[in-house]
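Colleague: Once you've had a glance at the structure underneath, I'll fire off some questions.
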Amino acid sequence: MFVEIGHKEFKNIEKFFNKNKYQIPALAVLNRNFPGKVFVDNNDKPEIALVWAISRWSYISRKEQSLKHKDFIRDVFNNGILPLIKTMGEKRFEVYTDNNTEWDSMLNEALNDYQLGKHYENTFVLNKEKFIAFTSHLKVPKGIEICESTFPIIPEKYENYVEYDKTKMKVCGMTLKKKGNIISQCSNNGFIYNSYYFIDLDTFDKGERNNGYGTLVSYKLICSELKKVYCLCGRLQLIIYHLKGLHINWALKR
C-alpha cells in the first residue's frame, strides 16, 4: 500500500531525509523549492517515504528496516510511478539510497521483474578558501562570452505532472558562448535547502571539452551565488564511490 501526500503534509516527512547532504534534492521538494511528488506507506504514521523530484531523480528513506517495505516499494513503483513515466516517455527511473547491503537486497527483491543497474555518485561541499585560491588566476580568453541566464526549473513536458505555480519557477545560471554558439552552461538547478544548493554543469559539444570552458562558466556562477551567502553543494556527473544509485529500466523485463 502507498499514499501520495499533499504539500501540506510534506514537512512531516523531512525527518527521513535530513541526515545526509546527498538528500538535499529530496529536502528541496519537501520544502517546495522544486516540483515533485511524495509517497509514503501510511499517512498517519509513515515508516518509509519516497520523494521524486520530477524530471530528475528520486530518494527513498525509512525509519527501520522491515520486510513489509518491499510491498511498498513494489506497489509505489508499479502503480504510482510507472504509469507516469510511461506517459512522460521515460525509459529509466533513478532511486537514491544510503549505500548498504540491506537496501541492495530490498530493492532487488521488490523490483525483480525489471532490469536493475547500480551506480555511484559523490556529493561535495565547496571549500571557499581553496576555491578562491584556485580560481584567482582565471581569465576569460578572447572570443569567449559568459552571460547570465535563466532557465525553467523543469522542462515543459513535465508541467502537467506538478502544481501549476511550481512549473513557472525559474533557476539562474551562466552560459558560455564561442562565436555566438552556446558551448557550456552551468546553473543552480533549483535543489535549494537552507544554505545549500546544487549545480548542473555541461559542455554540450564533446569536441570542446577539456578546454577549460566548464571551469570558467562554473566559476562565474559560483562567484555570483557566493554573493548571495550560500554554501555550495555541487553534484558531479562523474561516477564516483560514495552514494548508491539504482536505475530501473522499466521497459526491459528480466
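Colleague: Count, please, the residues in segment 57-82 that happen to be in a loop (DSSP other than H, G, I, E, B) and free of Cβ contacts under 8 Å to residues at least 60 places away in the same chain.
Modeller: Qualifying residue count for the region: 6.
Colleague: When only residues in segment 210-224 that are surrounded by fewer than 19 Cβ atoms within 10 Å (Cβ to Cβ) and within 23 Å of the chain's Cα centre (by Cα) count, which is modelled with the highest pLDDT? Break it down stepwise before answering.
Modeller: As a first pass, look at segment 210-224 and keep what is surrounded by fewer than 19 Cβ atoms within 10 Å (Cβ to Cβ): 210-212, 215, 223-224.
Those left that are additionally within 23 Å of the chain's Cα centre (by Cα): 215, 223-224.
Details: Thr215: 91, Cys223: 88, Ser224: 88.
Top of the filtered list is Thr215.
Colleague: Which residues, taken from segment 83-112, are acidic (Asp, Glu), surrounded by 13 or more Cβ atoms within 10 Å (Cβ to Cβ) and not in a strand (DSSP E or B)? Write out each step before concluding.
Modeller: Restricting attention to segment 83-112, the residues satisfying the condition of being acidic (Asp, Glu) are 90, 94, 98, 102, 104, 109.
Applying the additional criterion that residues be surrounded by 13 or more Cβ atoms within 10 Å (Cβ to Cβ) yields 90, 94, 98, 104.
Of everything in segment 83-112, those that are acidic (Asp, Glu), surrounded by 13 or more Cβ atoms within 10 Å (Cβ to Cβ) and not in a strand (DSSP E or B) turn out to be Glu90, Asp98, Asp104.
Colleague: For residues in segment 166-196 being β-branched (Val, Ile, Thr) and under 17 Å from the mean Cα position of the chain (by Cα), which is modelled with the lowest pLDDT? Full working, then the answer.
Modeller: The first filter runs over segment 166-196 and keeps only residues β-branched (Val, Ile, Thr), leaving 167, 171, 175, 182-183, 192.
The next check asks that each one be under 17 Å from the mean Cα position of the chain (by Cα); those that pass are 167, 171, 192.
On the way: Thr167: 63, Val171: 92, Ile192: 90.
Filtering segment 166-196 for residues that are β-branched (Val, Ile, Thr) and under 17 Å from the mean Cα position of the chain (by Cα), the one modelled with the lowest pLDDT comes out as Thr167.
Colleague: Does segment 39-54 hold any residues that are of a type outside the set (A, V, I, L, M, F, W, C) and at pLDDT 95 or above, and which are they? Before the answer, list the steps.
Modeller: Of all residues in segment 39-54, those of a type outside the set (A, V, I, L, M, F, W, C) come to 41-47.
If the condition is that a residue be of a type outside the set (A, V, I, L, M, F, W, C) and at pLDDT 95 or above, then Asp41, Pro46, Glu47 are the ones that fit.
Colleague: Going by the structure shown, is Ile132 closer than 14 Å to Glu225 by Cα and under 23 Å from the mean Cα position of the chain (by Cα)? Spell out the reasoning first.
Modeller: Working: closer than 14 Å to Glu225 by Cα: yes; under 23 Å from the mean Cα position of the chain (by Cα): no.
No, not satisfied.
The values are calculated or read from the model by the stated rules, or taken from the named source; none is laboratory data. Everything quoted here is computed from the prediction, not taken from an experiment. Ideal geometry is used to build each Cβ from the backbone, glycine not excepted, and the neighbour counts take in all protein chains shown.
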